[in-house]
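Working notes, structure below.
The values are calculated or read from the model by the stated rules, or taken from the named source; none is laboratory data. In this text, all values refer to a predicted model and were calculated from it rather than measured experimentally. Here the Cβ positions follow ideal geometry from the backbone for every residue, glycine too, while neighbour counts run over all protein chains shown. The accessibility values were calculated without ligands, DNA or RNA, using every heavy atom of the protein model including side chains. Shrake-Rupley method; radii C 1.70, N 1.55, O 1.52, S 1.80 Å.
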Amino acid sequence: SISVNDQFLKLVAVDGDIGENARVSYNITRGNGEGSFGIFPDGMLYVSSVLDRETKDHYQLTVHATDNGIEHRNSAVNITINVLDDNDNKPLFVNTTYSMSIKENSAAHTIIGSVSASDLDIGRNAEISYYLLSGQENFTIESQTGEIRSLVKFDREKLLEEIGVTFYIVEVKAIDNGIEKLEDIATVKIYILDENDNAPVFEKTMYRPKIHENSAKYSPVVQVVATDKDEGVNQAITYSIISGNEDGQFNINQAN
């Protein structure tokens, strides 16, 4: 991030002659194909174009010092320039949004998933820590690994009653360790998956249907209805008669 035209190294060549024979000029003769550097007449090296360590972090220059005699004499020196890292890249999450899930009734501190970010810088500028911006009462994140864990045992049905959905949305921040810290933010959607923890419940605790004697076979008697707060296959209900029908007088449709 050094500015263009900033000077960073002065070369000095000494010529034992006098007058024009001792006047020295400097030229970069090798290793400057990108035109990243220049040299002033007094031997001061300077930056002539913007440097980017992530593109190129090493230069090997050759500079010739030439006198101004009728028969020019010169000398060469090799210069190795290492471009040091500046914190000019922020961490970037692998995904801007993540989708994770955890089964309801799972124990607190269950691992849900992890997020990951990378930084093109090096050293401390590339060291990343993770923090939660929201959802701290229900979730925690390991600052070094990005691993997200639960803090509580979830009840999907209760969550649905309270907020109308069965997921949480939390935001995660990745911060580098540069002197001037840079950051990125990702969104994590955590679904609470259903467990079969609710029994079906009949709409009535007692049914008292009536039917005429001599009713035809397969005449409808009553329809019983039960509901289940779970979802998916856990919500599918089948019906059966478990007692009082030892003589087989009645039958029930298992599906409804």
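So here's what we get for this one:
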item: Which label in (i) 1.20; (ii) 1.48; (iii) 1.25 gives the computed Rg/Rh (Cα atoms, Kirkwood Rh); result: (ii)
item: Estimated D of the stretch 1-107 in µm² per second, where Rh is the Kirkwood radius over Cα pairs and Stokes-Einstein applies at 4 °C, 1.567 mPa s; result: 75 µm²/s
item: Cleavage-rule hits (GluC sites (Glu not before Pro)) in the stretch 139-247: DSSP loop, at most 13 neighbouring Cβ within 10 angstrom; result: Glu142, Glu180, Glu203, Glu213, Glu246
item: Max mean-square fluctuation residue, GNM over the chain, Cα-Cα springs under 10 Å, options Pro209, Pro91, Pro200; result: Pro209
item: For the stretch 116-122, Karplus couplings with θ = phi - 60° (6.51, -1.76, 1.60), whole Hz, Gly/Pro x; result: 8, 10, 10, 9, 6, 6, 10
item: Surface share of carbon and sulfur [accessible, 1.4 angstrom probe, percent] for the chain; result: 50 percent
item: Per-residue SASA entry for Ser99, accessible area with 1.4 Å probe, Å² rounded to 10; result: 90 Å²
item: Residue-level accessible surface for Arg23, protein heavy atoms, 1.4 Å, Å²; result: 130 Å²
item: Residue-level accessible surface for Ile39, protein heavy atoms, 1.4 Å, Å²; result: 30 Å²
item: For the chain, accessible area per residue (1.4 Å probe, heavy atoms of protein chains only), Å²; result: 66 Å²
item: Rotationally averaged projected area of the stretch 1-41 (alpha carbon convex hull; nm²); result: 3.8 nm²
